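Structure, as structure tokens:
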Amino acid sequence: MELVSRQDPHLREVVRFAVCCRALTLLLQASLLLNQSWCDICCLALFNLLIPDHTADAFSPPRLSEPGPWDPLLERLLGGLSRWDAEHFLFIAERGYLYEHNCAFLPLYPLSLRAVAEALLWPFQRLLRLRSRLLLSAALLNSLFSVLAAAVLYELGCLVLRHRRAAFLAALLFSLSPANVFMAAAYSESMFALLAFSAMWQLEKGQSWPSGLLFSLASGVRANGLVNAGFFLYARGKRLAFQLQVGRGSVRELPPLWKQLLSAASSAVLVCAGIFLPFASFQYYAYVRFCGAGAGPEQPVPQPLLQLALDKGYRLVAMDGVKPPWCSHRFPVVYSYIQDTYWNVGFLRYFELRQIPNFLLALPVTLLGSWAAWTYIVANPRHCLTLGLERRKSEDQGKPRAGFCCPAVFVYVVHATVLLALGFFCMHVQVLTRFLASSSPILYWFCAHLLQEHEPLLRGEETGHQTAAPGSEKTLRGKSGSCGNGTSENPVVRLLLNCRFITPRSKAILGFFTSYWLLGLVLHCNFLPWT
């Protein structure tokens, strides 16, 4: 694999730091659940005493199978990873789409959990019941996914930003993501980030079909993966526009215009159809399961699950032979129906006085996302007005601008801005932090840009602005610090260790990342509301 085989000290440090952060996350969430005396040496364990588990009105199905010998221990160690929506993913992986509102969660992540639990963890079936093996699968898979996502984000940043230090810093910030707890818990964020970043990376390398396949898989993990089709459409449109501009003086060297348009349109339609296919297939599956003539569960539903449906008002498959209302819609899309009916998701529906705390919770990422878009527009007004479809002389000469404000970042800024507007106006705004943090590299690229531009402690590392050749890595590494233990090679660790001396802007950025990283663990693992 290219990520592993490359002799890149920055990449090795990204992977090492990501592994350390993931291990620390699992250790801290376990300490928040344990009451044994050995955990009391960690100050964070006090939160488990001061903040007991909140009794939340969330999906919490009964445990039906008998616990195995190791189940209580595993629940105490990893139980913090099964809160809130994680219960949906674990339940779907165990029993399928039994309740209607389970269909808001797409199938690829639960299928992955079930595959690992049944295959790799099969030897533990006598020690752990299926749900415990699914929870362990989630911890293992998400740890792997988040580490790989950090490595891929570094590679993507090197290609797009053309600035290895900025890409390095952004990938390190990803390991301290404010959505950290959702990258570790049994949520689909880590898997989606890996697939989305990998697809973007392949597209930047000119690998259209692998990119389309990865984007397609991402849309089977989260519904906002459908928006990623814009990357491929933009790449095709930009390529066509550049061909037409180059061909003004040499028309004979290019195929006729109609052939170029047909080629671009056909490839775009095929790839976009592939991206939409997993989501559309799942909507069809839900329609057949809940609306079909012979709709019904494959196996009898246990009485405790039937009682849960009665107590909570959940709709079961073919309950009483009455079909759900969405079955008669012109476009019977269960996903949009669930978002509207169960969670009241819609345009401006969350704009209420009682939601002010949630808007405050989303304020940091909203400000950063808006600031990133404004910074890019101010730095590239003509490029934004022409949608990046005008070929520049610097691109013809092979010397494009480097850094966050380079031309290649335009489509990522547009993508992040669309997601920001969608999340702010149409969704539960508190999820905006994890929504952006797992879907777009802009949050990390822009924060890395601010730190490098305005933090004196990092200016000494600006010896290699362009993407350096492999042979020049030793020079960069040698100038990044003087300590023999390698700690100073990590700019994030360096800033944290010197937090008293960094600028207020750097303190605000690192404070946002570290406070959300930590508070997310404390609150989420104790079943308290978080992003």
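Using 0.36 nm per residue, how much length does the chain from GLN7 to GLN260 gain when fully extended, once their Cα-Cα distance is taken away?
87.1 nm
R0 = 51 Å: FRET efficiency of TRP371 with TRP122, Cβ-based, nearest 0.05?
After rounding, the FRET efficiency stands at 0.55.
Tell me the trypsin sites (Lys or Arg not before Pro) within the stretch 495-531 that lie in a loop according to DSSP and have at most 14 other beta-carbon atoms within 10 Å.
Sparse-neighbourhood loop trypsin sites (Lys or Arg not before Pro): ARG500.
Show me the trypsin sites (Lys or Arg not before Pro) within the stretch 104-206 that DSSP assigns to loop and that have at most 16 other Cβ atoms within 10 Å of their Cβ.
ARG126, LYS205
Rounded if a/c is under 1.5, else prolate if a/b is larger than b/c, else oblate: which is the stretch 164-293, with a ≥ b ≥ c the root eigenvalues of its Cα gyration tensor?
Because a/c hits 1.5 or more and a/b fails to exceed b/c, the stretch 164-293 counts as oblate.
Name the shape class, rounded, prolate or oblate, that the alpha-carbon gyration tensor gives for the stretch 303-364, where a ≥ b ≥ c are the square roots of its eigenvalues, rounded holds for a/c under 1.5, and otherwise prolate holds if a/b is larger than b/c and oblate otherwise.
It comes out oblate by the Cα gyration axes.
With no solvent and one equal point scatterer per Cα, compute the Debye intensity ratio I(q)/I(0) for the stretch 122-185 at 0.15, 0.18, 0.23, 0.28 Å⁻¹ and report its log10, rounded to two decimals.
With no solvent term, the Cα-only Debye profile gives -0.57, -0.68, -0.89, -1.08.
Positive end of the dipole of the stretch 131-288, charges at C-beta (+1 Lys, Arg; -1 Asp, Glu), about the Cα centre: which of SER146, GLN260, SER198 has its Cα farthest in that direction?
GLN260
Taking the stretch 299-394, which trypsin sites (Lys or Arg not before Pro) meet the DSSP loop condition and have no more than 13 other C-beta atoms within 10 Å?
ARG330
With unit charges on the beta carbons (Lys and Arg positive, Asp and Glu negative) and the dipole taken about the Cα centre of the stretch 118-202, which residue among LEU128, PHE182, LEU161 sits farthest to the positive side?
LEU128
Read-outs: derived from the displayed coordinates by stated rules, not from any lab. Keep in mind it's a predicted model, so treat the numbers as computed, not measured. As a convention, Cβ positions derive from the backbone with ideal geometry for all residues, glycine included, and neighbour counts pool all protein chains shown.
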